[in-house]
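Trainee: The structure is given below, and queries will be raised subsequently.
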Amino acid sequence: MSRTLLSHILHRPPPLLASRGGGRGGALPSRLRTLRLNCSVAEATASGDEAPAPPARKKRVVSGVQPTGLVHLGNYLGAIKNWVSLQDLYETLFFIVDLHAITLPYEAPQLSKATRSTAAIYLACGIDSSKSHVRAHVELMWLLSSSTPIGWLNRMIQFKEKSRKAGDENVGVALLTYPVLMASDILLYQSDLVPVGEDQTQHLELTREIAERVNNLYGGRKWKKMGGRGGSLFKVPEALIPPAGARVMSLTDGLSKMSKSAPSDQSRINLLDPKDVIMNKIKRCKTDSFPGLEFDNPERPECNNLLSIYQIITGKTKEEVIRECENMNWGSFKTTLTDALIDHLQPIQVRYEEIMSDPGYLDGVLLEGSGKAAEIADITLNNVYQAMGFLRR
């Protein structure tokens with residue numbers, strides 16, 4: 001099983017997804033199929049004296065993270081911990097999407113530093129990873145762009161929101177076209193499943209539509225006439241919905257999601273925060289004046305958030321947390337929560353420092369994934385080049 005953390009510092013584009021063809025330029029359809037994280041993977045079994053059947057191929061899951069800002073508790077509890085568990089169920093490809101990080105103004109000297117740091121954090125958290133400088137991502141993106149109607153990109157909500165905030169003069173073309181790069185990331189590896197949050201569904205819908213369109217334009221008999229095997233160029237991925245309950249809210253506003261873009265660092269616990277910083281943030285975090293502690297009271301969002309963090313960090317059930325904490329005052333509970341956070345994050349921080357102190361190890365682990373990923377990516381990219389009429393490369 002390939003478990004790969006891919007950092008694409010790319011100069012060439014990724015491949016496409018496949019499905020039913022679509023030459024239309026209308027609105028993106030809302031017909032995204034989903035799988036729940038707790039689904040089981042079928043295994044082929046044999047009976048009697050028959051030769052054992054080969055095991056069923058594990059489905060491939062592809063996902064990535066931008067190396068921008070610090071990795072915080074919300075990222076860890078909401079995504080990274082789920083990714084670790086996915087490694088036992090699926091063939092996983094996790095990568096750092098550094099090309100996505102340049103769609104808005106950024107500090108060039110910080111990009112490589114942030115990429116390495118982010119990779120080390122994910123390794124320290126338990127992502128069994130290797131890395132990839134896979135140039136095929138950029139090449140495939142360009143090929144996909146030629147078949148993607150501009151109207152599809154103009155409808156993307158994130159582009160509208162970010163461009164409105166930044167202003168036309170401060171927005172590059174990359175912000176408009178980066179959903180095509182995202183499609184390339186996914187389709188290049190013939191992904192079966194993509195973990196998605198509530199703000200990413202539209203991007204996966206676009207990926208599926210691009211795959212279907214390219215399959216229709218260049219796949220099937222058309223590809224066979226070009227000397228290919230025929231059939232679909234891309235697999236059309238489905239959404240993988242992670243388990244609910246790991247939505248971590250801001251420490252300063254229980255109704256807002258914990259975010260690396262929030263102006264106040266007090267609003268989040270960063271995975272690399274030292275003990276005294278964690279202690280200070282929890283001590284100063286927003287609470288309420290109600291007596292006792294309880295889950296799921298809509299009038300007490302901060303209480304629910306802090307109890308939920310404690311529950312997930314300790315691995316306890318809601319019932320266990322209630323029995324332990326319902327009669328605590330805020331001072332006692334904040335001390336309990338602080339100790340649990342420090343105990344949970346300390347091994348990750350220690351492992352992170354070990355990895356960062358050995359650049360050769362980090363580079364070796366990351367480089368190992370390049371070959372594994374390139375083997376998959378090059379097959380897809382060469383097929384697309386062939387189907388689109390390019391000379392053999």
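Trainee: Write down the accessible area per residue of segment 310-393 in Å², having rolled a 1.4 Å probe over the full set of protein chains.
Mentor: So segment 310-393 comes to 55 Å² accessible per residue, rounded to a whole number.
Trainee: Please calculate the 1.4 Å probe accessible area of THR287, with all protein chains present, and give it to the nearest 10 Å².
Mentor: In the full protein context, THR287 sits at about 40 Å².
Trainee: Given the protein chains as shown and a 1.4 Å probe, how many square angstrom of CYS285 are accessible, to the nearest 10?
Mentor: 10 Å²
Trainee: Quick check on packing: order 248-258, 90-100 by the mean number of other C-beta atoms within 10 Å, highest mean leading.
Mentor: Working: 248-258: 18.7, 90-100: 23.5.
Top of the packing list down: 90-100, 248-258.
Trainee: Between segment 254-310 and segment 317-393, what is the C-alpha centre distance in whole Å?
Mentor: Between the Cα centres of segment 254-310 and segment 317-393 lies a distance of 22 Å.
Trainee: Moving on to the next point. Filter the chymotrypsin sites (Phe, Trp or Tyr not before Pro) in segment 352-393 down to the DSSP loop ones having no more than 13 other Cβ atoms within 10 Å, then list what survives.
Mentor: Qualifying residues, ordered by number: PHE390.
Trainee: Relative contact order for segment 265-357: what is it in percent, counting Cα pairs under 8 Å that are at least 6 residues apart?
Mentor: Once normalised by length, the contact order is 32 percent.
Trainee: Could you please state how large a percent of the accessible area of segment 152-290 is carbon and sulfur, counting protein chains only and using a 1.4 Å probe?
Mentor: Answer for segment 152-290: carbon and sulfur cover 52 percent of the accessible area.
Trainee: Taking 7 Å along the Cα-to-C-beta vector as the label spot, tell me the ARG393-THR335 distance in nanometres, rounded to one decimal.
Mentor: In this crude spin-label approximation the distance works out to 6.3 nm.
Trainee: Check segment 265-357 and count each lysine pair with an alpha-carbon distance under 14 angstrom, considering only pairs eight or more places apart or from different chains.
Mentor: Total qualifying Lys-Lys pairs in segment 265-357 comes to 5.
Trainee: Further question on the same structure: Mind checking which lysines have their C-alpha under 20 Å from LYS235, skipping anything on the same chain fewer than 8 residues away?
Mentor: The reachable lysines, counting only those whose Cα sits under 20 Å from LYS235, are LYS58, LYS59, LYS222, LYS224, LYS372.
Trainee: Using 1/(1 + (r/R0)^6) with R0 = 22 angstrom and r between the beta carbons of SER147 and ARG221, what's the FRET efficiency to the nearest 0.05?
Mentor: The calculated FRET efficiency here is 0.80.
Trainee: Using a 1.4 Å probe, how large is the accessible area of VAL214, given in Å² and rounded to the nearest 10?
Mentor: Taking all protein chains as shown, VAL214 has close to 0 Å².
Trainee: So, one more: Apply the Karplus curve 6.51 cos²θ - 1.76 cosθ + 1.60, θ = phi - 60°, to the phi angles in segment 316-323 and return the couplings in whole Hz, x for Gly and Pro.
Mentor: For segment 316-323, the Karplus-derived couplings read 8, 7, 4, 4, 5, 5, 4, 4 Hz, x marking Gly and Pro.
Trainee: Right, something else. At a Förster distance of 30 Å, what's the computed FRET efficiency of ASN154 paired with GLN266, Cβ-Cβ distance as r, to 0.05?
Mentor: 0.20
Trainee: Can you tell me the Rg and Dmax of segment 265-357, counting just the alpha carbons, in angstroms?
Mentor: Answer for segment 265-357, Rg first and Dmax second: 14.0, 47 Å.
Trainee: For ARG135, ARG208, ARG164, write out the residues from largest to smallest accessible area, computed with a 1.4 angstrom probe and no ligands counted.
Mentor: Output order, biggest surface exposure first: ARG164, ARG135, ARG208.
Trainee: At 0.36 nm per residue, minus the direct Cα-Cα distance, what do GLU324 and ILE102 gain on full extension? Give it in nm, one decimal, please.
Mentor: That pair, GLU324 and ILE102, stretches by 75.3 nm at full extension.
The values are calculated or read from the model by the stated rules, or taken from the named source; none is laboratory data. Since this is a predicted model, take the numbers as computed values, not measurements. Using ideal geometry, Cβ is built from the backbone for each residue, glycine included, and neighbour counts are taken over all protein chains shown. Accessible surface areas use protein heavy atoms only, side chains included; no ligands, DNA or RNA. Shrake-Rupley method; radii C 1.70, N 1.55, O 1.52, S 1.80 Å.
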